[in-house]
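Where a number appears in this text, it was derived from the coordinates with a stated rule and is not lab data. In this text, all values refer to a predicted model and were calculated from it rather than measured experimentally. Cβ atoms come from the backbone with ideal geometry, glycine included; neighbour counts cover every protein chain shown.
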């Protein structure tokens, strides 16, 4: 009898083991759907803050969620509410199943569910039917297989990525952003409770559509987690008093132009780590919008680039006043648009001249009418100041002295220096560089100018700019633009510029620029650590009447530095080899600059610089403005032999003439004359 009992027990154990082996094989042979879902591409700032994200292919927001980046309280509340034995079962909670079955038999309907978090994950990753027995069986099989192949943390991570939260929002990170505008590591208790409740019925509990249902569901979560001891009664009571959100927060769109460029350049990359500072980016975007509004808005746009010139890291990049403006111009990235730099290249010309021994800040240079072959430059205001120091010439942004120095250096050397600085200059029609390059006759970008001034600020060595984080110690030796002494001298001169009216009284080395026809206004400045570039104008290149860099862009530059930091970092002392002397103490060749390539127009007879002989001039009934080069004032101007202007000292007199063919003559104080035959229309 006893032998039979032993035999029966052995047979039962054998059958049980065989059944277990078959169940194990059934579970082990389960085919799992893909566990890795497509997640939104992200662009992050230097601290890991989200700057911009992009929807996945089906238009959903699904941000990858690292469990370590989720508030542990959320996970505790989720487990307490959805699956209190999550850490003890192996995918299926037998206790919950038995309870659900008994309740269904007693009430004749399903009263409570028995789905574990693992079973919910199984449903989310396969997106299959669960209402039928076969669907539920498949869900159970997947849950058992998941528990064998993944850790509990990995299963929670899948839930954090896939759980639905209403509309096109999936995953805890996207939901936390959408409903509360914050990352999930900073959730309050009331917020976490709502996000625990939403996935059960994401559409009927959407707080922006069904606030009452959302609040009721949230409060039920609070009741259960209170009963589980996850939160205190005081915390639960305070959380119940919090209103649910009634609108969705937009996803961040900081630095949208730069983010689009980085993401588009590497579309397969999931996360783009940048050097930007989200806080600074946010402040400068607000400044950009304000600056454009202050100048009337309309078709006006703006670009701001801020960088650390010690590292080359771009800290902020504003491509327009508003990425989502009604006009398409807001989508044009003006930090990368080719524009005329106006006078902002002049500091480089002077620095090159210092290195070549052509001049010193105290060298006297002539600001008088000159011709360089067929080119006769003029100052922006049409006036001439005679002998001035190089320091004054740069601070006053005079054109003739800088062209004279460029003629001695050669414009090709100026363009080569720009390229060493990391600038990619574009010449009109790919023509060889001419003297007009010094006055802005070349296409550059706001990023280009930032790189140039970063090099000047950093002691004359090129500073490659980057918006992508890169390992420390990377990068080879830097190209030399100018010597440290020349760079310091230029910076010292620019630091002597007075701040714009109503700007902070701080010593900032800066230069302004205005392109021909008032199409571009610039201000670029630096201190011992940072460099900032401001551009304002119209993206389509049409003029902005009356716009000047000193009036429009310079105040924005000083305000940008104020938003960058409380006070500027003082510029360094001069390098040991810097020649800091008065004009009288300079070596004789450096006391006065005499250009070899120029012809002083004042030493010869007067000339009608405009209109030239044979010109057809469209006056449209307005007075004809003539320009007189050379000669000695006062001048007399004749039209067809009749005196129109007599004894005028102006070199740009206005002549009230009728349409038709006119012979113009100008006579200077010495009796010398010039003549031009033109046609007016």
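Take the alpha carbon atoms of segment 212-238, find their center, do the same for segment 538-602, and report the distance between the two centers in whole angstrom. If we compute the Cα centre of each part, the gap is 65 Å.
Note the angle between two axes, namely the Cα long axis of helix 346-355 and the longest principal axis of the Cα atoms of the chain, as a number of degrees from 0 to 90, rounded to the nearest 10. Compared with the principal axis, the helix lies near 70 degrees.
Peptides 654-663, 278-287, 530-539 ranked from most to least packed, by the mean per-residue count of other Cβ atoms within 10 Å: 530-539, 278-287, 654-663.
In terms of surrounding Cβ atoms within a 10 Å radius of their Cβ, 408, 234 rank from fewest to most as 234, 408.
Distance from the alpha carbon centroid of segment 294-362 to that of segment 263-281 works out to 21 angstrom.
Measuring how big segment 503-590 is from its alpha-carbon positions, Rg and Dmax come out at 17.1, 51 Å. Given the C-alpha centroids of segment 431-449 and segment 143-209, what is the distance between them in whole angstrom? What the calculation gives is 54 Å, centre to centre. Taking the Cβ-Cβ separation of residue 677 and residue 293 as r and a Förster radius of 41 Å, what is the calculated FRET efficiency to the nearest 0.05? Approximately 0.20, to the nearest 0.05. Summarising the label geometry, the points placed 7 Å from Cα in the beta-carbon direction at residue 185 and residue 427 lie 5.3 nm from one another. Relative to the longest principal axis of the Cα atoms of the chain, helix 152-162 runs at roughly 60 degrees.
Viscosity 1.306 mPa s, temperature 10 °C: give me the Stokes-Einstein translational D for segment 345-431 in µm²/s, with Rh taken as the Kirkwood radius over C-alpha pairs. Once the numbers are plugged in, D ends up at 117 µm²/s.
Among 274, 247, 253, the order by Cβ neighbours within 10 angstrom, fewest to most, reads 247, 253, 274.
With coordinates expressed along the principal axes, the C-alpha atoms belonging to segment 574-658 extend over 64, 24, 21 Å, beginning with the largest. Dimensions of segment 407-554 from C-alpha coordinates, computed as largest minus smallest value along each principal axis and given longest first, are 47, 43, 35 Å.
With contacts taken as Cα pairs under 8 Å and at least 6 residues apart, the chain reaches a relative contact order of 10 percent. When each of 74, 331 is scored by the number of other beta-carbon atoms lying within 10 Å, the sequence from fewest to most is 331, 74.
Could you give the angle, 0 to 90 degrees to the nearest 10, between helix 94-107's Cα long axis and the longest principal axis of the Cα atoms of the chain? On a 0 to 90 degree scale, this one is about 70. Based on DSSP H segments of at least four residues, each scored -39500 (n - 2.57), the chain has a per-residue ellipticity at 222 nm of -11000 deg cm²/dmol. Packing, as the average of other Cβ atoms within 10 Å across residues, places the peptides 505-513, 223-231, 345-353, 62-70 in the order 345-353, 505-513, 62-70, 223-231, highest first.
Normalised by the empirical 2.2 N^0.38 Å for globular proteins, what value does the Cα Rg of the chain take?
Against the compact-globule rule of thumb, the ratio is 1.42.
Can you list the residues of segment 494-531 with backbone N under 12 Å from a point 7 Å past the Cα of residue 310, pointing along Cα to Cβ? Those under the cut-off are 528-530. Computed from the Cα positions only, the extents of segment 242-385 along the three principal axes stand at 73, 36, 31 Å, in decreasing order. Once the Cβ-Cβ distance of residue 466 and residue 567 is raised to the sixth power relative to R0 = 22 Å, the FRET efficiency obtained is 0.25. Site pair residue 669 and residue 396 shows an inter-label distance of 1.9 nm when each label is modelled 7 Å from Cα along Cα→Cβ.
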